[in-house]
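A.B. asks: First, the structure itself, so that you have it in front of you.
Here, each number is a calculation from the coordinates, and none is a lab measurement. Owing to the predicted nature of the structure, the values given are computational and were not obtained by experimental measurement. With ideal geometry, Cβ positions are generated from the backbone for all residues, glycine too; neighbour counts draw on all protein chains shown.
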């Protein structure tokens, strides 16, 4: 049996990155024993609040970790709370809910709705049915269907997998941004060869600060227990990267549109939706929906809404007071990624050094570092330093190898050449910034 210092049931966090780390810190500080089933390089394994579980089949494969949960070895964890921190684990719990419920405590959910939110096409189709605006999208299945779209597509366009967690198993990023028809077709063919279904989604024009999100928890009747909104200030790389600077705000328009969508599809439990304001028609367009903790969970917590503890208390039936307010104007900042975003924006002429520095004159929350739990952040930075040194040595080796060789001349016009270099640079940053993103 598990050794328990108190009567509180332990928690097992399934997979996840920054969101799992923030959940472990929240629950650990509340005196709850926290375990994690995660990859061997996960940040949460280095937290003082967490104990890592090691399945016999290996830690790297999600399937091995899932099978471990269903094995007789886990009978000693009878009554433990299971919390999913990734799409793959949401899928696992919904598909095995009846069997898991015999041994564990699970959060409230509507499995059909949760599975629909994992599928980007289902999400968009249900949004359209609910009267919630979405970007234009296309779903070609064959080369002929793709070719038929040649005159309809406007570039750049996003080649988006229907299931992001399936796509990430084989590729470094979550999606591909195509700048012309040939790039889009190549990305489509590569995904199709890997057996992955994709859709094409228009990129809504406008800067990244038009992106906004809404968070809540829906009870058994579909009523929200709280309201929380935030917006993105910058992404790295700009326009199609991962959010690297966020700020909490209050946006009732986002709340109203998101709630209309959640209640139309029947979501229960945790719910988050991201939108982008489209200046062409003045409407919010749904980008994606997550029925779990997200990477910005630490920002939600620090603003005054402790989501992991709220969910835990509801699962085990502990009394709690629901949040009615939260702190607005609180910033979440990824320093290195935001610096990369600034460099890209400065090259484009849309952000000056003074403007970037002015945007940083706030008290920021960092995604990994906490004085009370510094080791995960130190590990992250050491990994980053190791990767930077490896890249620098690689570039140095190539430079020495080609010393004395004259590089090939490019005859394209300077403007085209600069755009091409910027696009290549931005794509490299995109791949780096989306590795392991949640």
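A.B. asks: Distance in nm between label sites at residue 41 and residue 70, each 7 Å beyond Cα in the beta-carbon direction?
C.D. replies: Distance between the two pseudo-spin positions: 2.8 nm.
A.B. asks: Another question, then. Which order, highest average first, do 96-104, 176-184 follow once you tally other Cβ atoms within 10 Å for each residue and take the mean per peptide? Walk me through the intermediate numbers first.
C.D. replies: Values: 96-104: 13.2, 176-184: 17.7.
Result, highest mean Cβ count within 10 Å first: 176-184, 96-104.
A.B. asks: Can you tell me which of 230, 186, 160 moves the most in a GNM of the chain? Springs connect C-alpha atoms under 10 Å apart.
C.D. replies: In this elastic network of the chain, the residue with the biggest mean-square fluctuation among 230, 186, 160 is 186.
A.B. asks: Just want the ordering: 227, 364, from fewest to most Cβ atoms lying within 10 Å of their own Cβ. List each step's numbers first, then the result.
C.D. replies: Values: 227 21, 364 16.
Fewest-to-most Cβ neighbours within 10 Å comes out as 364, 227.
A.B. asks: Taking the Cβ-Cβ separation of residue 249 and residue 372 as r and a Förster radius of 22 Å, what is the calculated FRET efficiency to the nearest 0.05? Mind dumping the intermediate values first?
C.D. replies: Details: r = 27 Å, r/R0 = 1.25.
Efficiency for this residue pair is about 0.20.
A.B. asks: What FRET efficiency do you get for residue 385 and residue 78 if R0 is 60 Å and r is their Cβ-Cβ distance, rounded to the nearest 0.05?
C.D. replies: According to the calculation, E is roughly 0.90.
A.B. asks: Another question, if that's okay. Helix 414-434 against the longest principal axis of the chain: what's the angle in degrees, Cα atoms only, rounded to the nearest 10?
C.D. replies: 20
A.B. asks: If you don't mind, another one. Just to confirm my numbers, what's the Cα centroid distance between the stretch 236-309 and the stretch 94-108 in Å?
C.D. replies: For the stretch 236-309 versus the stretch 94-108, the Cα centre distance is 27 Å.
A.B. asks: Roughly how compact is the stretch 208-359, stated as its Cα Rg over 2.2 N^0.38 Å to two decimals? Walk me through the numbers on the way to the answer.
C.D. replies: Details: Rg = 16.6 Å, N = 152, 2.2 N^0.38 = 14.8 Å.
Its radius of gyration relative to the 2.2 N^0.38 Å reference: 1.12.
A.B. asks: So if R0 is 30 Å, what FRET efficiency would residue 194 and residue 97 give, r being the distance between their Cβ atoms, rounded to the nearest 0.05? Mind showing how you got there, number by number?
C.D. replies: Numbers: r = 29 Å, r/R0 = 0.96.
Taking R0 as 30 Å, the efficiency between residue 194 and residue 97 is 0.55.
A.B. asks: Restricting to DSSP H runs of at least four residues, report the calculated mean residue ellipticity at 222 nm for the chain, -39500 (n - 2.57) per run over all residues, nearest 500 deg cm²/dmol. Intermediate values should be presented prior to the final figure.
C.D. replies: On the way: 16 runs with 174 residues, N = 438.
Result for the chain: -12000 deg cm²/dmol, rounded to the nearest 500.
A.B. asks: Subtracting the Cα-Cα distance from 0.36 nm times the residue separation, let me have the gained length for residue 354 to residue 125 in nm, one decimal. Please report the intermediate quantities before stating the final value.
C.D. replies: Values: separation 229, 0.36 × 229 = 82.44 nm, distance 4.32 nm.
Residue separation times 0.36 nm, minus the Cα-Cα distance, leaves 78.1 nm.
A.B. asks: So what's the gap between the Cα centers of the stretch 5-40 and the stretch 177-232, to the nearest angstrom?
C.D. replies: 28
A.B. asks: Right, next: Need one number for the chain: average projected area of the convex hull over its C-alpha atoms, nm². Can you show the working numbers first?
C.D. replies: On the way: hull surface 95.3 nm².
Mean orientational projected area (the chain, Cα hull): 23.8 nm².
A.B. asks: Please compute the modelled spin-label separation between residue 154 and residue 52, points set 7 Å along Cα→Cβ, answer in nm with one decimal.
C.D. replies: Spacing of the two 7 Å Cα→Cβ label points: 4.8 nm.
A.B. asks: Specify the angular offset, from 0 to 90 degrees and rounded to the nearest 10, of the alpha carbon long axis of helix 18-29 from the longest principal axis of the alpha carbons in the chain.
C.D. replies: With rounding to tens, the tilt is 30 degrees.
A.B. asks: Right, next: What is the helix-to-structure angle for 181-193, meaning the angle in degrees between its Cα long axis and the longest Cα principal axis of the chain, kept from 0 to 90 and rounded to the nearest 10?
C.D. replies: So the helix axis and the longest Cα principal axis differ by about 40 degrees.
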